[in-house]
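Here the structure comes first, spelled out in structure tokens, and everything after it is commentary.
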Amino acid sequence: RVMANTGAVFVLPFLLFSDSAGVLADRLSKQKIIVFLKIIEIGLMILGTLCLLFKSNYGLYTVLFLMCTQSAFFGPAKYGIVPELVPLERLSKSNSYLVSATFLSIIIGTVISSFMATGEKGYIFCGFLCILVSCTGLLASRKIYKTPACEGTSTLSPFFFIGIFKTVKSVSKDRPLIMSVLTSSYFWMVAAYTQMNIVPYGIQLMNLAPENSNLAGYLYLVVAVGIGAGAILAGILSGRNIELGIVPMGVFGISICLICLSFTDDSLLWALAAILFLGISAGLFILPLNAFIQWKTPSDKRGSVLAATNFLNFVGILCATLMMKIFQEGFGFSPGHAFMFL
């Protein structure tokens with residue numbers, strides 16, 4: 001129940017506020033948005049630490065909702081500012097650094113929390129560490145070049161889905177762009193399905209009891225390392241261009257690795273190799289799409305298009321959740337069969 005509630009609280013802000021985040025990113029300086037949101041992040045980390053200290057479950061749910069709201073507004077500014085800071089010939093390589101750094105952060109955060117979050121004092125110590133990381137992020141954000149506002153013409157709407165629909169409709173005539181947006185959403189559906197399936201797969205592979213599922217969770221780290229490496233490799237292969245031809249290579253690699261995982265449920269070594277190359281293929285898949293969407297979108301609509309892409313990505317994640325229930329809880333697929341289906 002806790003995981004279900006947490007998942008719902010995590011996803012909801014990205015669905016509710018993505019459109020508003022895109023409009024603000026198009027009307028205001030993205031650098032100022034980033035700095036302001038980093039200040040808010042520090043306040044939320046302090047509030048979260050206090051909730052841990054006083055053991056407030058509802059307080060923690062509230063902080064999670066607010067933090068995900070901050071992230072929903074942060075995303076369009078974070079990815080939209082890249083084309084404003086670097087020329088086209090450096091766009092792919094810059095995105096490779098951004099993606100690899102993101103997943104490196106996931107690795108470090110997962111490892112640190114696994115070791116530190118033991119006992120009441122451990123969780124509180126994690127809270128103080130989050131405050132420190134947020135303060136460091138604020139200092140870094142102030143070093144970003146102050147980009148001007150793009151003076152976009154989009155307006156805020158209380159009905160978020162109308163804004164998203166208008167944005168998608170406005171770019172639908174540009175076939176390469178709309179296909180890249182939809183392919184990005186498809187990627188996140190596959191990624192979410194894989195993420196949800198990898199722990200039961202690891203439990204089966206390692207013959208672990210369900211209460212030891214945290215050990216199987218370390219397979220996430222192997223995937224994250226692979227995605228970071230794949231993103232760097234995609235940046236190297238792209239050179240000074242945006243090479244969409246790398247995307248089918250990533251799709252092919254993902255397919256082969258998922259097929260291999262469906263047959264390696266008795267060999268940990270082969271499974272680890274397949275999971276690592278799955279991550280590398282995912283990095284090859286997503287990086288050129290990110291760079292292409294950033295470059296192809298007009299500057300005065302970039303925030304809105306990235307926000308709509310973010311919205312559709314989370315729709316893909318929700319579809320993955322539904323698929324998981326239908327094919328594994330409904331049809332009784334084993335984790336290996338689920339990978340083969342995917």
Extension gain (nm, one decimal) between Arg142 and Phe161, 0.36 nm per residue minus Cα-Cα:
3.5 nm
Can you give me the solvent accessible area of Phe17 with a 1.4 Å probe, rounded to the nearest 10 Å²?
60
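Please report, in whole Å³, the volume per residue of the convex hull around the C-alpha atoms of the stretch 218-342.
Cα-based convex hull of the stretch 218-342, divided per residue, equals 109 Å³.
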Out of Gln294, Phe187, Gly230 - ranked by how far each Cα lies towards the positive end of the dipole of the stretch 174-323, with unit charges on the beta-carbon of charged residues - the top one is Gln294
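Return the ratio Rg/(2.2 N^0.38 Å) for the stretch 52-151, where Rg is computed over Cα atoms only.
Working: Rg = 16.9 Å, N = 100, 2.2 N^0.38 = 12.7 Å.
Here the Cα radius of gyration is 1.33 times the empirical estimate.
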Averaged across orientations, what area in nm² does the convex hull of the alpha carbons in the chain project?
17.0
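Kindly provide the helix-only [θ] at 222 nm of the chain, computed as the sum of -39,500 (n - 2.57) over DSSP H runs of four or more divided by all residues, to the nearest 500 deg cm²/dmol?
Working: 14 runs with 272 residues, N = 342.
For the chain, the value works out to -27500 deg cm²/dmol.
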So if I take the alpha carbon set of the stretch 30-109, get Rg, then get Rh from the Kirkwood formula, what is the Rg over Rh ratio?
1.09
Magnitude of the Cβ-charge dipole of the chain, K/R +1 and D/E -1, about the Cα centre, nearest 20 debye?
980
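For the stretch 268-342, give the percent of accessible area contributed by carbon and sulfur heavy atoms, probe 1.4 Å, rounded to a whole number.
On the way: 2270 of 3050 Å².
That fraction is 74 percent.
Whenever you get a sec, line up Phe10, Phe339, Phe327 from highest to lowest accessible area (probe 1.4 Å, protein heavy atoms). Let's see the in-between values first.
Values: Phe10 95, Phe339 0, Phe327 45 Å².
Output order, biggest surface exposure first: Phe10, Phe327, Phe339.
Filter the trypsin sites (Lys or Arg not before Pro) in the stretch 1-101 to those in DSSP coil with at most 14 other Cβ atoms within 10 Å of their Cβ, and list the result. Working shown, then result.
Numbers: sites: Arg1, Arg27, Lys30, Lys32, Lys38, Lys55, Lys78, Arg90, Lys93; in loops: Arg1, Lys55.
When the trypsin sites (Lys or Arg not before Pro) of the stretch 1-101 are filtered for loop state and at most 14 Cβ neighbours within 10 Å, Arg1, Lys55 remain.
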In terms of Cα to Cα distance under 22 Å, which lysines are near enough to Lys55, apart from those fewer than 8 places away along the same chain?
Lys121
Would you rank Ser170, Ser96 by solvent-accessible area, highest first, keeping every protein chain in place and using a 1.4 Å probe?
Ser170, Ser96
Estimated dipole of the stretch 1-140 in Debye, rounded to 20 [Cβ of Lys and Arg +1, of Asp and Glu -1, Cα centre]
100
Modelled label-to-label distance, Thr6 and Arg90, 7 Å Cα→beta-carbon offset: nm?
3.9
By accessible area with a 1.4 Å probe, ligands and nucleic acids excluded, highest first: order of Trp188, Trp270:
Trp270, Trp188
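What is the calculated FRET efficiency for Tyr97 to Ile124, with r their C-beta to C-beta distance and R₀ = 56 Å, to the nearest 0.05? List each step's numbers first, then the result.
Working: r = 33 Å, r/R0 = 0.59.
Rounded to the nearest 0.05, the efficiency is 0.95.
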FRET efficiency estimate (nearest 0.05) - Cβ-Cβ, Ala149 to Leu269, R0 51 angstrom:
0.45
How far apart, in nm, are two points set 7 Å out from the Cα along the Cα-to-Cβ line at Leu50 and at Ile236?
4.9
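The values are calculated or read from the model by the stated rules, or taken from the named source; none is laboratory data. Everything numeric in this text was worked out from a predicted model, so none of it was measured. Using ideal geometry, Cβ is built from the backbone for each residue, glycine included, and neighbour counts are taken over all protein chains shown. Just so you know, the surface numbers come from the protein's heavy atoms only, side chains and all, with ligands and any DNA or RNA stripped out. Shrake-Rupley method; radii C 1.70, N 1.55, O 1.52, S 1.80 Å.
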